[in-house]
């Protein structure tokens, strides 16, 4: 994929380079991932966040990393769905569990909608020979001309003019034959296991993103998944859902999956710590520092312009007062969107309302 830092390094003003990742279809999807590079200035980031709000998006900051926040987590979700059908379930069973949980569609209906040929063509162009096992079934479907809804056939068959897929016995046969070729003994997989194996990778990878500093808070991840990936709002997002289940329970199940299915299920260090401490992602969010935005603190990982303030770049809960953080002055901005004297400490003192505290509503 594109590397924001590589692009910024080719310019004379790397501090003015910031990424904006829209979601398709961009005129409908509300999420905007704003990507901060190692050299991105805080005011450049703040401008991108404010611009996102102005055009009606819900901006969430991510550090520059493969897949950013949402797609990095999505890989674990779709990969596990692909493994589940090799181990014994069928696409319609997996999709039904996910829809019953509250999603608008399951992973296989989603793949049909997007088009199975996207990954298939990319793998062909790359000349990849060592393909993940989970790509074998969709690649076989593409070889048969079943590219998804665009050809009225993918994991499902679509009657002419319909977007409602119907299970196809030919696909079931293809999956069963592929399982046998790969040496899997198919077994019945219950709904509880399907749900956990699809959702828990989101939680585990999300915890790793928090530990790595790619996402600032668990609540940011929840916003990404609700507004960008269709996670049911009433469930609160994957990290909030994990807190409701109990991190000790999630961790125990992930440990069991790790022992059975291998390295892809290695528990994230943060998840392990929180589970063993009887804590939660919400408590971890509350414990994060809420320092003043000026002056920026030098940080070798993120460049000289990195601010330690989360409220200054769109995150962070509102401090009790400016005095409580030792910051009692406005930060001058050169942003074309923001006024020259913009208080970045609190949404209550920002002329543009909650621009800089969008994520911690």
Q | Subset of the range 148-161 (residues that are touching a strand residue (DSSP E or B) at 6+ places or on another chain (Cβ under 9 Å), surrounded by fewer than 18 Cβ atoms within 10 Å (Cβ to Cβ) and in a helix (DSSP H, G or I)) | A | none
Q.
Tally up the residues in the range 63-75 that are surrounded by 22 or more Cβ atoms within 10 Å (Cβ to Cβ) and out of contact with any strand residue (DSSP E or B) (no Cβ under 7 Å at 6 or more places or on another chain), please.
A. 1
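To keep it simple, each residue is scored yes or no on (1) surrounded by fewer than 22 Cβ atoms within 10 Å (Cβ to Cβ); (2) out of contact with any strand residue (DSSP E or B) (no Cβ under 6 Å at 6 or more places or on another chain).
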| position | (1), (2) |
| --- | --- |
| 26 | yes, yes |
| 29 | yes, yes |
| 57 | no, no |
| 61 | no, no |
| 80 | no, yes |
| 103 | yes, yes |
| 119 | yes, yes |
Q) Restricting attention to the range 44-54, does a residue exist that is surrounded by 16 or more Cβ atoms within 10 Å (Cβ to Cβ), in contact with a helix residue (DSSP H, G or I) (Cβ under 7 Å, 6 or more places away or on another chain), within 20 Å of residue 229 (Cβ to Cβ) and in contact (Cβ under 8 Å) with a residue 12 or more places away in the chain? A) no
Q: Test each condition in (1) in contact with a helix residue (DSSP H, G or I) (Cβ under 9 Å, 6 or more places away or on another chain); (2) free of Cβ contacts under 8 Å to residues at least 40 places away in the same chain for residue 61 and report the one that comes out false.
A: (2)
Q.
I'm checking my understanding of the structure. Among residues of the range 285-303 that are at pLDDT below 95 and in contact with a helix residue (DSSP H, G or I) (Cβ under 9 Å, 6 or more places away or on another chain), which one is surrounded by the most Cβ atoms within 10 Å (Cβ to Cβ)?
A. 293
Q) Only one of (1) in a helix (DSSP H, G or I); (2) farther than 23 Å from residue 103 by Cβ fails for residue 192. Which number is that? A) (2)
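Conditions (1) modelled with pLDDT under 95; (2) more than 20 Å from residue 111 (Cα to Cα); (3) not in a helix (DSSP H, G or I), marked per residue:
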| position | (1), (2), (3) |
| --- | --- |
| 142 | no, no, no |
| 146 | no, no, yes |
| 163 | yes, no, yes |
| 176 | no, no, no |
| 188 | no, yes, yes |
| 203 | no, yes, no |
| 206 | no, yes, no |
| 215 | no, yes, yes |
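Examine the range 121-130 for a residue that is under 20 Å from residue 80 (Cα atoms) and surrounded by 15 or more Cβ atoms within 10 Å (Cβ to Cβ), and state whether such a residue exists. Don't jump to the end; show me each part of the working.
First, pick out the residues of the range 121-130 that are under 20 Å from residue 80 (Cα atoms): 123, 130.
Checking which are surrounded by 15 or more Cβ atoms within 10 Å (Cβ to Cβ) leaves us with 123.
Looking for residues that are under 20 Å from residue 80 (Cα atoms) and surrounded by 15 or more Cβ atoms within 10 Å (Cβ to Cβ), one finds at least one in the range 121-130, hence yes.
Regarding residue 113, is this residue farther than 28 Å from residue 195 by Cβ, in contact with a strand residue (DSSP E or B) (Cβ under 9 Å, 6 or more places away or on another chain) and either surrounded by fewer than 22 Cβ atoms within 10 Å (Cβ to Cβ) or at pLDDT 95 or above (or both)? Steps first, answer last, please.
Numbers: farther than 28 Å from residue 195 by Cβ: no; in contact with a strand residue (DSSP E or B) (Cβ under 9 Å, 6 or more places away or on another chain): yes; either surrounded by fewer than 22 Cβ atoms within 10 Å (Cβ to Cβ) or at pLDDT 95 or above (or both): yes.
No: the conditions fail for residue 113.
For residue 86, indicate whether it is part of a helix (DSSP H, G or I) and under 17 Å from the mean Cα position of the chain (by Cα).
Numbers: part of a helix (DSSP H, G or I): yes; under 17 Å from the mean Cα position of the chain (by Cα): no.
Answer is no for this residue.
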Q: Could you pull out the residue among 275, 282 that is free of Cβ contacts under 8 Å to residues at least 60 places away in the same chain and either farther than 17 Å from residue 62 by Cβ or buried (at least 20 other Cβ atoms within 10 Å of the Cβ) (or both)?
A: 275
Q. For residue 133, all conditions in the list (1) surrounded by 15 or more Cβ atoms within 10 Å (Cβ to Cβ); (2) touching a helix residue (DSSP H, G or I) at 6+ places or on another chain (Cβ under 7 Å) hold save one; what is the number of the exception?
A. (1)
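The values are calculated or read from the model by the stated rules, or taken from the named source; none is laboratory data. What you see is a predicted model; the values in this text were computed from it and never measured. Every residue, glycine as well, gets a Cβ built from its backbone with ideal geometry; the counts of neighbours run over all protein chains shown.
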